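Below is one structure; the comments refer to it alone.
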Amino acid sequence: MHSSRLRGYGLYILPTFLVLATITIVPLFVTFTVSLFLIDVTSGLPPVWQGFYNYVSLLSDSRFLNSLVVTAELIFIPVALQLLFGLALAICLRERLAGTRWMRILFLLPAVIPPAVSGLVWKLFVIPGAGGLAWLSGLLGIDLDIDLLSMPATALATVVVASTWVGTPFVALILLSGIETIGKDQYESATLDGATWWQTHRYISIPTLAPIIRTVVVFRILEALAIFPIIFVLTGGGPAGATEPVNFYAYVTGFDYLQIDYAASMIVLFFLAMMAFCSPFLVQIARSAEGGAR
Amino acid sequence: MILSRREKFVCYAVTYLFALFLLAPIVWMLSTSFKGQLAIFQKPPSLFTEFTFQNYAAVLSDPQFLHAFWNSVLISSGTVVVSVALAVPAAYGLSHLTGGRRAGFLSWVLLVRAAPGMIYVLPYYLAYSQIGLIDTRIGLILINSVFTIPLAIWIVIPFFDAIPHEIEEAAIIDGATRFQTMTRIAIPLAAPGIASTAILIFIFAWNEFLFALTLTRFEARTAAVSILSYMAYEGTEWGKVAAAGALILLPVLCFSILIRKYLVQTTAGGVKG
C-alpha cells in the first residue's frame, strides 16, 4: 500500500488513540504524583511533599511484605494447577469419547460467571457443616464440620481452589483448540512406530503446544495478579492477612484506611513489577498477531 | 486414535471428576436459592429439602436490587456503544497498517488491557471526586472503557484483516470514499465479529466488580455489587444471596451461549494457535 494512502488511515486511529492515551496514561502519572505527597483526606489539609518516603516505608512494612508472599502464592499455585488439569482435560476431550462432548459447552461457564458470583458460589459451598462440601463429604460418610475460612492455611487453600476452578476450564479449551490443529496422521504414525498413548502426547502434543502454553500462562498470571472480587467476597483478605495479596492491601489502605498516598505507592510498585515481567511477552504476542497484515 | 480400555477409563475419570468439581458449587448455589432460611443451616445438609420461590420473590421485589439490575443493563449497554464506536474505526485503520507501527500500537493496546484494574481505581476516584462523576453511570462507562476499547480493537482486527483488499480497492475505483468503503463494505463484512465483540464487552461490563465497588454508592450501584447488601454484619441472608447470584448469572449465560463459537478465541485476547 502506498504511503499516501496509508496516511489517510491515521485519521481512523488517532481519535481512539488520543482517548485511550488520556484515560490510561494520565491516571498513571496522577498515581505516581500522589504517592510522593503526604495527603490527609480526612482533615482536608493541603498535600505536603514527602518524596520517596512511602516507598522506603513499604520496605519495612511487614503487612506489605506478607502481601508479596501471598501474591506469589496466589499466582504460582493456581496457575500451575490450571495448566496441569487443563492439559489433562484437553488431552482427554480431544478423543471425543461418547458422553464428553457436552463438556465443551459446560467449560465455558466459569470463564463468564461474574467473579463476585464465583466468590459467593464458593462461600456458600464451604458454609461450615451446612454447605455443599459438607453435603458431599456426608455422602462419602465423612462428617465435615469445620470453618475452612477461619484458619490461614485452609482459607488460602479455598482461594486457590476457587481460582483454579475459575481458570482451568478456560485453559483446557484453549489447549484443546491447539491440540485439534495437530494432524491425526502424526499420532497415527507414532502409534504405528510403537509409541504408547502417553508417549504420543508427551512427545507430540506437549512440544507442539509449547507456544500456546506460554501465552496462556502469561494471561493466567495477569489474571491471577488482578484477583480481587473472589477474595473480597470469600475471605476479605483474612484471616490475619493469609489471603491478602498486594492489590487487596492497596485497596484496604486506600479505601478503608484512606491513606491514599501510601496506597498509591504500592500500586506504582505493583505496576512496575508487572510491566517488567509481562511487557516482553506481550510485545512478542502482539508481534505474532501480524498474520493478517496487508 | 484407538484407545485401550484402561486409557478410556482414565479419560472418563478425568473429565467426569472435573465436571463434578465444576458443577457441584453451582448446583449448590441453585439449590440454596430455593431453600428457606432454616433449611440453609440444617445439619447435616441435604441437596433438596424444600422448594420455595420466596428468595426470588424477595429479591425481585427489592427496589434496591431492581435499581442495581437496571443500572447494570444501562452501564453495560453504554460501555458497548462507547467501546464499539471508538474501537471499530481504530481497528479498521490498524488493519491497513503494517510492520512496526501496527505491532507497536497493538503491544500498547495489549498492555493496557493486561494491567490490573487496581492501578486505575485510585486516580479515577480522585478525579471523579473533583468533577462530580462519583456514583454516576457515565463515570463507570468511562472507566470500563479503559479495558473494553483495547479488548474490542484486539478482537475486531482479525475480522477486518480477513477481508480481501481487492474488494475494498474495487469500491475505491468505483468512486467510493475511504469512509464509505469502511461503512458500506468493511463493517458489514465484519459484522458477525463486531456483534460478538459487542456481546463480549457487555459481559465484561456486567461482570465488572472493582470499579463499581469503589466508584459508586447507591445511584449507580451495579447488580454484581448489590449482592453485598445481603451479606450484612448482622447475619447473611444466604437464600437471597444465592437467588440474586443466579439472577445476575442468567443474562451472562444466555449471551455466552449465543457467542460460544467465538468465546474461546476472543476471551483469550490474542492467544493464537
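The values are calculated or read from the model by the stated rules, or taken from the named source; none is laboratory data. In this text the structure is predicted, and so the values were computed from the model without any measurement. With ideal geometry, Cβ positions are generated from the backbone for all residues, glycine too; neighbour counts draw on all protein chains shown. In case anyone asks, the SASA skips ligands and DNA or RNA and just uses the protein heavy atoms, side chains included. Shrake-Rupley method; radii C 1.70, N 1.55, O 1.52, S 1.80 Å.
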Rounded to the nearest 100 Å², what is the sum over both chains of accessible area buried where B meets A, with a probe of 1.4 Å?
9700
Give me the 1.4 Å probe accessible area per residue for the protein assembly as shown, excluding ligands and nucleic acids, in Å².
43
How large is the translational diffusion coefficient of the stretch B:1-101 in µm² per second when you combine the Kirkwood radius over alpha carbon pairs with Stokes-Einstein at 4 °C and 1.567 mPa s?
67
In the protein assembly as shown, which Cys residues have no partner Cys with a Cβ closer than 4.7 Å?
A:CYS278, B:CYS254
Rounded to the nearest 10 Å², the accessible area of B:PHE53 at probe 1.4 Å
120
Taking a ≥ b ≥ c as the square roots of the eigenvalues of the Cα gyration tensor, with a/c under 1.5 meaning rounded and otherwise prolate when a/b exceeds b/c and oblate if not, chain A is oblate
Sorting B:LEU47, B:LEU66 on solvent-accessible surface, 1.4 Å probe, most exposed first, gives B:LEU66, B:LEU47
Relative contact order for chain B, counting Cα pairs under 8 Å that sit 6 or more residues apart, in percent
30
Give the whole-number value, in cubic angstrom per residue, of the convex hull volume spanned by the C-alpha atoms of the protein assembly as shown.
175
What number comes out for the charge environment of A:TRP49, summing +1 per Lys or Arg and -1 per Asp or Glu over other residues with Cβ under 15 Å away?
-2
In what sequence, largest accessible area first, do B:TRP238, B:TRP108, A:TRP165 appear using a 1.4 Å probe?
B:TRP108, B:TRP238, A:TRP165
Where Lys and Arg each count +1 and Asp and Glu each count -1, what net charge lies around B:ALA242 among other residues with Cβ under 13 Å from its Cβ?
+2
Ranking B:ILE172, B:ILE259 from most to least accessible area with a 1.4 Å probe gives B:ILE172, B:ILE259
Using a 1.4 angstrom probe on heavy atoms only, work out the carbon and sulfur share of the accessible area of the protein assembly as shown in %.
69
Would you kindly find the accessible area of A:ILE221, with a 1.4 Å probe and non-protein molecules such as ligands, DNA and RNA excluded, rounding to the nearest 10 Å²?
20
May I ask you to work out the translational diffusion coefficient for the stretch A:1-77 at 20 °C, viscosity 1.002 mPa s, via Stokes-Einstein with Rh from the Kirkwood sum over Cα pairs, reported in whole µm²/s?
127
Once amide H atoms are placed 1.01 Å from N in the peptide plane, what residues at a sequence separation of 5 or more from A:PHE37, or on another chain, have their amide H within under 5 Å of its amide H?
A:GLN50
Net charge within 12 Å of B:THR136 by Cβ-Cβ distance, Lys/Arg positive one each and Asp/Glu negative one each, not counting B:THR136 itself?
+1
